[in-house]
Structure formats: C-alpha cells, structure tokens
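Okay, structure first, notes after.
The values are calculated or read from the model by the stated rules, or taken from the named source; none is laboratory data. Predicted, not measured: the structure shown is a model, and the values here were computed from it. Note that we place each Cβ from the backbone using ideal geometry, even for glycine, and neighbour counts take in every protein chain shown. Calculation scope for accessible area: heavy atoms of the full protein, side chains included, ligands and nucleic acids excluded. Shrake-Rupley method; radii C 1.70, N 1.55, O 1.52, S 1.80 Å.
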Amino acid sequence: MDVEELLSFKPEQTPKRTSEFDDDEEDSPERRSAPPTPKVRRDEQASNVRTKPHVPHKEPQISEEERLDILKFVESEEPEGDVLDDAGLKKILLLFEKRVLKNQEMRIKFPENPEKFMESEIELNDVIQELRAVATVPDLYPLLVELNGIASLLELLSHQNTDISVAVVDLIQELTDVDILHESLDGAETLIEALRNQQAAGLLVQNLERLDENVKEEADGVHNTMAIFENLMEIKSEIAKEVAEQGLMQWILKRLRVKMPFDTNKLYCSEILSILLQDTNDNRVLLGNLDGIDVLLQQLAAYKRHDPSTTEEQEFMENLFNSLCSALMSSDNREKFLKGEGLQLMNLMLREKKLSRNGSLKVLDHAMSGPDGRDNCNKFVDILGLRTIFPLFMKTPKRNKKRLLSTDEHEEHVVSIVASMLRNCKGAQRQRMLTKFTENDFEKVERLMELHFKYLEKVEQVDHDIDQLVSSGEMEENVDAIYIKRLSGGLFTLQLIDYIILEISSTDVVKQRILQILNLRNASMKTIRHVMREYAGNLGDAGDSDWREQEQAHIIQLVDRF
C-alpha cells in the first residue's frame, strides 16, 4: 500500500490550500476571507485518506488497522503542515512580524495613496489567518507568548484598517475558546496572564468604540469581542472586575442606550452585563456610579405594556431583570432604584399582567429584602403597592408557556415581599399592612394558612425522602447539605409564611382566626414555633452581625408571644 499516494489524493472539487509556511507573495485578495480552521482541514484530509481506496473500484479496500495507521500518520507527522510544531510557529511569527513591519513602512511612505499599501495589508491579513492554526495546538501558547506574539497582535487592535483589527479579534476569540483552553491548563494560564498583563480588555474596548455595527464584518467583530470577554470570565471569574474597570461596563451601558433595532449584539451585551454583576460586588457598585440603574430601568420600561416580539428579545429582557436583581444586592443601588422610581415601574408591570410581571416580582423581592430594603418597603405601601401585591398573594396566576415562573417560584417571591414589608414597615405603613389581613372576613389569613399547610406537606415529604436516602447510603448525613436540600424543597417558603403568621398575630382577632383554622385541621402551634426557631438559628449573611442578632431576638420574641 502506497501511503504517500493515499495522503496526496485530493478530489477535484477541493480548492487548493496553501501551507502555513509558504510565502504568500502571490496571494490574491480573495484570501482575505477566513480559511477553514486547521482542525477542519485535518478532518477533511482524514476523509480523503479513507475514501481513496474506493476510487477506482479496482483497488482493494484497506483494512481497519491500515486505516488507523494512516490516520495516526496524518496526525503525528503533519505532512502538509496542518498541525503546528515549535519550528512551524516560529516560522509563521517571523513572517507575521515581517509583514507587520512592511505594512507600517508602506503606510508611512504612502499615507495618501491606499493603492500602494493595500497589497501589504492583504498580506498582513493573510498571515493573521494562518496564525489561527495555533488555536488547534494550545500547548504552543507559552511559546506564542514568549515570542511576543500576543503583544504584537494586541498592537494591531489599533490598526488604521478596522478589517485588520477585526481579524485580530477573530483570532483571539479562537485562541480563548473555552474548549481549546481546557485542552492545556498551562497554555490557558499563560495566555490569560499575558492578556491581563497587556491590558487586553482596555485595548479591546477601545477597538469596540470605533467599530461601525452597520457594517456586517465590524458587527461580527463586536460579537467576537463579547465572546472573548465571556471566555475569559468563564475560565477565571475574578477577571470580571478587571474587564469592567477597563471600560467594558461603561461601553455596554452606552451600547444599551443606543437607539438601534434589536439584534444579537444587544442580546449579547445584556448577557455579559449579567455575568459581570452576578458575583462581583465591586461591579455592582461601579454600575451604580455609572448611572447603570437608570439605564436598566429605561430599557425595561419598554416592556411595561408590551411583550417582547421574539424569543431572543424575551431573553434580553430577562437578562436585564437578572442584572437589576444582582445590582440591588448593593445597598447604594437600592437608594438609586428608589430615586429612579423603580418601584413605580415594577408596580405598573405587575398591574399590566405582561411577561415583565415575572421579572418585576423578582426585582421587588430583591429591592425590599433585608435591612437595606426598609425605605423601599415603606415607599411601596405609599404608592398603593398593596393593591397590586395582595391579589397576586390571593391567587397565583396560571402558568403557561410564556409565564416562566413556576407556581412555587411565584408564591415564594410574593410571600417574601409581604414578609419583607411586615419586617421593615413602621408606623402607618405597618398598620395598613396589618389591616389588609382583617379585610373581607379574614380571607388573606385563610389564604396564608392554606399556603402554610401546602408547604408544610412539601417539607414533610422532603424530610421523608432525605431519611430514605441517608438510610440507604445514597446521601451523606451532612447537616448543611441536608438543610440546603430542605430549603430548596419548600422550607424557605414555609419559613417566610410562618414568619408572616407570627407578625400578624400581634392583632388579637387575627390570632384567634389562625388558632381556629389550626384547630379545624387538627394542627398544632408547636409546628410553627419549631419552624421559626430553626429559621432564627440559620439566618443568612444579610446585613451585619448586629442586625442578625436583633433579628434573631425579634423572631424568638414573636415565637414566645405566639
């Protein structure tokens, strides 16, 4: 069997490919479009190897062992230069540096005559495309960094021709692909550190500022730039703070404000913003300082009376709600939310019964919870929010394909909002809250107790399941893990419901009605006391230690009084 003949076979339809190491002085302008990635070419080559013995039919079919030997030879020997080695990378980088220098010289020599330097620009673009072969060999990333390749590429982000900068962005996006980076931990670490040391985020943002998204290639460059940031943050979450401070947060807010037709780039911006705010409190503070709360509220205002027209736009709206929820975990942003009339907007969304109602419930829950939610709770009562929230408390809307919140999620958010108002409201606002539970023959107390028994049954079922898992050895007897499983199984909502029961029991007539319902169901007050004592002993980290101690004392006092 002639291996060389098999490897050299190419169907007539296959276009001629040049080697990464060839000098492409005779390249045509058509080569400016990105060639197939080297990985695809290897697959194509392997395919050629497999199909060769069948043409013509006179040749015998090769065995499976021979086929594997050929594939191994193709991948290990790299006969056509598809897979780079150290020498190949050095050769391409040398050619790359030469063409960068040549292009600079031609531009300086003929600044007013593009025809003179256009050929050198095409050659430079071609060698950037050839460098994409490095993305298939992440083990070479340390050598790429050592030979100053990353620094040279980042310098081209400010190239006068945006086609060159977009080509560089496309290359970096491939180099930072998450799947590629996972193939070589050393390569990934070296590449990411080089990008951080070279302030790549700032350079990428500067390039974003000059790209015109009305031009398809430049719009693709914006999309690929977002992909670079997403890749980096997925590999190292702490990078989120760096990229936000180097201008990405400001650019995203500016891009969201631009009045353009909705597109994938706007959706991608909302996704990146949500990632930036998810776990980084410094970014939440930065968002508030950049008037980001107002930007988010302005963008969401478009959906108070109208649903998103596409699934992509619906995802965009959800990203904005998630970003706002994350931002409200910073106490300073809650004040900005209050001043920006965020409560009024969320209240209106609840009344309009559009898709935005789901997100507005979550936002209100975040804005009013904990000790930092006091002002928002009192204000919500003042703007007649009780007229909006209690109908949702009394009857959970039916879920359909467009209503993304489940029944349990909806009830959790509504109950949490009511509990937060009882915890934070004082004076007249608190009295208006308590009065609500006496209206219409205590119908809200009836509903509250209905929810209590519903979630108590859920928790009892979860406890039973946990006992079985522990006894069978399928689950470790870990106190924290078990408690978290119970919380997600309905205990958290039950704790909020029972907290409300204790708070409203300060009104004697309400307490009598609660006891009456408990007796009718053969239930005991001890159950509620037990749930609340457990709740007091496991308060989260919201607020400082002083607040936590005060809250624990308050809950125990309510339990003793009940």
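Yes/no per residue for (1) buried (at least 19 other Cβ atoms within 10 Å of the Cβ); (2) out of contact with any Gly (no Cβ under 8 Å at 6 or more places or on another chain):
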site	(1), (2)
T396	no, yes
E412	yes, yes
N424	yes, no
R432	no, yes
N440	no, yes
L448	yes, yes
L451	yes, yes
K454	no, yes
E460	no, yes
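Residue pairs whose Cβ atoms lie under 8 Å apart, sitting 6 or more positions apart in sequence or on different chains, and linking a residue in segment 542-554 that is among the hydrophobic types (A, V, I, L, M, F, W, C) and part of a helix (DSSP H, G or I) to a partner that is at pLDDT 75 or above and surrounded by 12 or more Cβ atoms within 10 Å (Cβ to Cβ), are W547/P371.
Go through segment 508-526 and report how many residues are touching a residue at least 60 places away in the same chain (Cβ under 8 Å) and surrounded by fewer than 17 Cβ atoms within 10 Å (Cβ to Cβ).
Qualifying residue count for the region: 3.
The residue pairs whose first member lies in segment 388-405 and is over 18 Å from L348 (Cα atoms), whose second member is at pLDDT 65 or above and not in a helix (DSSP H, G or I), and whose beta carbons are closer than 7 Å, counting only pairs six or more residues apart or on different chains, are R399/S406; K402/L355. Looking for something touching a residue at least 24 places away in the same chain (Cβ under 8 Å) and either over 28 Å from I293 (Cβ atoms) or not in a helix (DSSP H, G or I) (or both) - is there at least one such residue anywhere in segment 240-257? Taking every residue of segment 240-257 in turn, none turns out to be touching a residue at least 24 places away in the same chain (Cβ under 8 Å) and either over 28 Å from I293 (Cβ atoms) or not in a helix (DSSP H, G or I) (or both). Whether a residue is of a type in the set (K, R) and open to solvent by 50 Å² or more (accessible area, probe 1.4 Å) was assessed, and R486 does not pass this test.
If you go through segment 347-403 and pick out every residue that is within 30 Å of T310 (Cα to Cα) and in contact with a Ser or Thr (Cβ under 7 Å, 6 or more places away or on another chain), you end up with 7.
Evaluating L469 against the criteria (1) out of contact with any helix residue (DSSP H, G or I) (no Cβ under 6 Å at 6 or more places or on another chain); (2) open to solvent by less than 10 Å² (accessible area, probe 1.4 Å) leaves one unmet condition, (2).
Please tell me if R529 is among the basic types (K, R), surrounded by 14 or more Cβ atoms within 10 Å (Cβ to Cβ) and free of Cβ contacts under 8 Å to residues at least 12 places away in the same chain. Taking the combined requirement at face value, the residue does not satisfy it. The residue that is most open to solvent (accessible area, probe 1.4 Å), counting only those in segment 129-174 that are farther than 20 Å from E189 by Cα, polar (S, T, N, Q) and outside any helix (DSSP H, G or I), is Q160. Would you check if there is a residue in segment 45-59 being at pLDDT 85 or above, part of a helix (DSSP H, G or I) and surrounded by 15 or more Cβ atoms within 10 Å (Cβ to Cβ)? Looking for residues that are at pLDDT 85 or above, part of a helix (DSSP H, G or I) and surrounded by 15 or more Cβ atoms within 10 Å (Cβ to Cβ), one finds none in segment 45-59, hence no. Among the conditions (1) of a type outside the set (A, V, I, L, M, F, W, C); (2) surrounded by fewer than 22 Cβ atoms within 10 Å (Cβ to Cβ); (3) under 23 Å from the mean Cα position of the chain (by Cα), the only one that K353 does not satisfy is (3). Restricting the first member to segment 479-506 and to residues that are on the phi > 0 side of the Ramachandran plot and in a helix (DSSP H, G or I), and the second to residues that are surrounded by fewer than 18 Cβ atoms within 10 Å (Cβ to Cβ) and not polar (S, T, N, Q), the beta-carbon pairs closer than 6 Å and six or more apart or on different chains are G490/K458. Within segment 432-461, residues that are under 15 Å from P391 (Cβ atoms) and free of Cβ contacts under 8 Å to residues at least 24 places away in the same chain reach no partner that is acidic (D, E) and surrounded by 16 or more Cβ atoms within 10 Å (Cβ to Cβ) with beta carbons closer than 6 Å at six or more positions or on different chains. Condition test on L300, is it touching a Gly at 6+ places or on another chain (Cβ under 9 Å) and open to solvent by less than 60 Å² (accessible area, probe 1.4 Å)? So L300 passes the test.
When I501 is tested against (1) exposed (fewer than 13 other Cβ atoms within 10 Å of the Cβ); (2) at pLDDT 90 or above, exactly one condition is not met: (1). Only residues that are over 24 Å from V222 (Cα atoms) and surrounded by fewer than 19 Cβ atoms within 10 Å (Cβ to Cβ) were counted across segment 271-293, and they come to 5.
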